[in-house]
Amino acid sequence: MTTVCVALGAALLAPVPAGAAGSTNGDAHKNLGQADRAEWMWGVASDTKLSAMSIPGTHDTLAIHGGAAVETQEDYGDGAQTLTAQLERGIRAIDIRVRAIGGKFAIHHSAYYQKTNFDDVLQKAQDFLEAHPNEAIVMRLRAECAYENPGVADCTNDPKTLKPADIRNIFAGYVKDEQYRNLFYTDSVTGAGRIAAPTLGQVRGKLVLGSFDNVGSDDYGIRTFNDYKEDTYNASSITEKWNLVKGNVDRAMASPSPNDLFLTYSSANKAPGGGSPLYYAGGYTKVQDGVSTEVPGVNYHLMKHLDNTEGRVGIVMTDFPGWGLVNAIINHNAYLAVKGGNRMIWLVNDNKTYVNTLYNRCMVRGPEFDGSKTGGPVTQRACQSTPPSSHQWGAEKPPYDGKGHYWIKAGNGKCLTVPYDDGTPPGSGTQLFWWDCETRWFSGSQMWNVIPVKLATPTGSRPAYTFINNWTGKCLSMDPATAAEAGGKVVQETCPE
């Protein structure tokens with residue numbers, strides 16, 4: 001893109017449909033809400049790398065048995081029914097812990113069997129992805145049991161003599177099983193070496209292995225999956241854990257590289273003898289002088305922080321997440337949302353043409369109103385392979401504006417303008433014109449807020465823009481009634497919700 005587009009890319013982000021924001025501690029923990037986030041990935045551009053996304057996940061995804069010191073998730077049922085409930089409510093990263101027994105995997109958290117087997121996990125994941133083929137699931141897989149000198153809380157494989165290579169071979173059996181031949185993203189599960197983060201388009205409808213831990217090999221999953229990680233599970237307090245979590249998600253938002261995958265575990269556990277997973281996630285009630293005060297947990301602090309920030313936060317693995325926290329993470333993908341052609345969305349090309357994405361016609365500088373060359377109408381025509389000056393526009397920041405607005409300037413140096421008339425903001429359908437650029441702030445009729453969006457293409461997306469007039473709050477558009485005519489009107493129109 002030209003330097004014009006670079007400048008445009010620094011403008012404010014597009015408002016896109018988002019999940020509701022939570023406001024209370026109860027919205028942030030142990031309340032996943034309704035099954036209404038089963039298809040949020042469909043709106044993300046297919047050429048987006050997984051490492052550039054913000055993905056809500058669960059830590060120890062199926063730990064629903066064993067008591068307060070072991071349980072980490074809301075219980076929606078055994079046999080991986082809890083997994084299905086999480087997926088339907090927006091979770092897309094899962095943390096699966098397995099014990100080898102009889103040549104298969106059972107799901108454990110430490111010594112506690114979670115009344116689910118790996119076949120249940122794979123079948124439920126497959127059912128979900130077949131029903132929602134635009135989604136993808138990222139799985140962190142861990143061999144849970146100690147190979148030598150297990151502690152009292154550890155599980156042991158059966159037989160106890162199994163080695164890491166045996167665990168890898170059992171997993172290979174699942175990968176090769178005809179029942180799951182279309183489930184896995186193959187490159188991530190071969191064990192031949194970790195791969196670069198794939199694009200969402202490559203893995204839609206697939207289960208992607210992020211990492212396979214405690215198996216004596218680093219050759220599974222995605223490169224950088226564990227490289228930019230916060231996983232301090234034994235933090236001494238909610239405050240300490242929250243500060244660590246905030247530090248990692250802030251680093252993700254500040255990182256300029258979309259290839260670095262950030263992974264944040266918001267979970268912690270010092271039970272028995274200290275705080276349980278639910279304590280860290282949800283907080284506690286403090287009673288002093290007969291007054292009860294709710295002290296929120298990490299989940300609430302994270303939800304509120306994310307609701308007031310923008311940009312990629314990576315994969316966030318949570319204990320007892322609430323719907324408000326899940327939505328807060330998903331909403332950080334707003335800048336990745338893909339749009340279809342719309343008369344209020346415009347391409348900005350290297351040749352400085354502004355092309356309407358619905359009608360595929362170029363905005364042009366129409367003839368002068370009179371011989372003074374002070375101004376004239378803004379119209380549209382078929383785009384030309386070698387555009388004349390009248391078809392070219394540029395974005396430039398006025399010297400007197402410090403609020404991030406732009407002039408949209410024609411090839412003759414004049415500005416895209418909304419008619420001022422008697423000072424009453426005109427309505428939808430008003431034709432725009434070009435006019436001498438103001439030398440100071442006057443009405444805002446020449447000030448445009450430039451909103452980047454992603455336009456869907458057959459292979460992914462490309463940058464496009466919506467232009468909103470500062471004075472009227474309406475969008476640059478084309479008049480549908482004259483869209484097929486040479487010299488048809490370029491107008492302002494009420495922006496879509």
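Under the 0.36 nm per residue contour assumption, what length would be gained going from the current alpha-carbon distance of Asp227 and Ala21 to full extension? Show your work: numbers first, answer last.
On the way: separation 206, 0.36 × 206 = 74.16 nm, distance 3.04 nm.
Contour length minus the Cα-Cα distance gives 71.1 nm.
Modelled spin-label separation between Thr161 and Thr459, with each label point placed 7 Å from Cα along the Cα-to-Cβ direction: 5.4 nm.
3J(HN,Hα) along the range 353-359, derived from phi through the Karplus expression 6.51 cos²θ - 1.76 cosθ + 1.60 where θ = phi - 60°, amounts to 8, 10, 10, 6, 7, 8, 9 Hz, with x in place of Gly and Pro.
Simple spin-label estimate for Glu178 and Lys104 gives 1.8 nm between the two label positions (7 Å along the Cα-to-Cβ direction from each Cα). Protein heavy-atom accessible surface, 1.4 Å probe, per residue over the chain: 42 Å².
Residue separation times 0.36 nm, minus the C-alpha to C-alpha distance between Asn169 and Gln34: what's the value? Don't skip to the end; give the middle numbers.
Values: separation 135, 0.36 × 135 = 48.60 nm, distance 3.88 nm.
Length difference between fully extended and current span is 44.7 nm.
Considering only the range 216-326, what is the antiparallel percent among its DSSP beta bridges, to the nearest 5? List each step's numbers first, then the result.
Numbers: 5 of 11 bridges.
Roughly 45 percent of the DSSP beta bridges within the range 216-326 come out antiparallel.
Of all DSSP bridge pairs formed entirely within the chain, close to 65 percent run antiparallel. The long axis of helix 238-254 is offset from the longest Cα principal axis of the chain by roughly 40 degrees. Taking all protein chains together and a 1.4 Å probe, the residues Arg440, Arg97, Arg194 rank Arg440, Arg194, Arg97 from largest to smallest accessible area. With a ≥ b ≥ c taken as the square roots of the eigenvalues of the C-alpha gyration tensor of the range 365-441, please select rounded if a/c is under 1.5 and otherwise prolate if a/b is larger than b/c or oblate if it is not? In terms of gyration-tensor shape, oblate.
The stretch between Glu396 and Thr186 holds 70.9 nm of extra length on full extension. This uses 0.36 nm per residue minus the Cα-Cα distance. In terms of distances greater than 19 angstrom between alpha carbons, the cross-link table entries Lys124/Lys339; Lys270/Lys304; Lys352/Lys409; Lys373/Lys397 yield Lys124/Lys339; Lys270/Lys304; Lys373/Lys397.
Residues in the range 467-497, backbone N under 14 Å from the label point at Tyr359 (7 Å along the Cα-to-beta-carbon vector): list them, ranges by number please. From the range 467-497, the list is 476-493. Kindly express, to the nearest 10 degrees and within the range 0 to 90, the angle between helix 118-131's C-alpha long axis and the longest C-alpha principal axis of the chain. Between the helix axis and the principal axis of the chain, the angle is about 20 degrees.
With the simple model of a label 7 Å out from the Cα in the direction of the Cβ, Asp289 to Asn243 spans 2.8 nm.
Add +1 for every Lys or Arg and -1 for every Asp or Glu among the other residues with Cβ under 14 Å from the Cβ of Leu129, and state the total.
Details: positive: Arg92, Lys124, Arg181, Arg204, Lys206; negative: Glu39, Glu88, Asp127, Glu130, Glu135.
Charge balance near Leu129 sits at 0.
For Asp120, the solvent-accessible surface computed with a 1.4 Å probe is close to 50 Å², ligands and nucleic acids excluded.
How many percent of the accessible area of the chain is carbon or sulfur, using a 1.4 Å probe? Could you put the intermediate results ahead of the total?
On the way: 10120 of 20790 Å².
So the carbon and sulfur contribution to the accessible surface is 49 percent.
Estimate the FRET efficiency between Ser389 and Asn234 by the formula 1/(1 + (r/R0)^6), using the beta-carbon distance for r and 60 Å for R0, to the nearest 0.05.
Numbers: r = 66 Å, r/R0 = 1.11.
Working from the Cβ atoms, E equals 0.35.
To the nearest 10 degrees, how steep is helix 164-176 against the longest Cα principal axis of the chain, on a 0 to 90 scale? With rounding to tens, the tilt is 60 degrees. Of the peptides 226-237, 404-415, 262-273, the ranking by mean beta-carbon count within 10 Å, highest at the top, reads 262-273, 404-415, 226-237. Projection of the Cα convex hull of the chain, averaged over all directions and equal to a quarter of that hull's surface, yields 28.6 nm².
With a cut-off of at most 10 other beta carbons within 10 Å, and DSSP calling the residue loop, which GluC sites (Glu not before Pro) in the range 132-210 qualify? Please list them. Here the GluC sites (Glu not before Pro) that fit, given the DSSP loop and packing criteria, are Glu148.
The values are calculated or read from the model by the stated rules, or taken from the named source; none is laboratory data. Just so it is clear, the structure is predicted and the values come from calculations on it, not from any experiment. Cβ coordinates were reconstructed from backbone atoms using ideal geometry, including for glycine residues, and neighbour counts include every protein chain displayed. When the accessible area is computed, the model is the full protein with side chains, heavy atoms only, and any ligands, DNA or RNA have been set aside. Shrake-Rupley method; radii C 1.70, N 1.55, O 1.52, S 1.80 Å.
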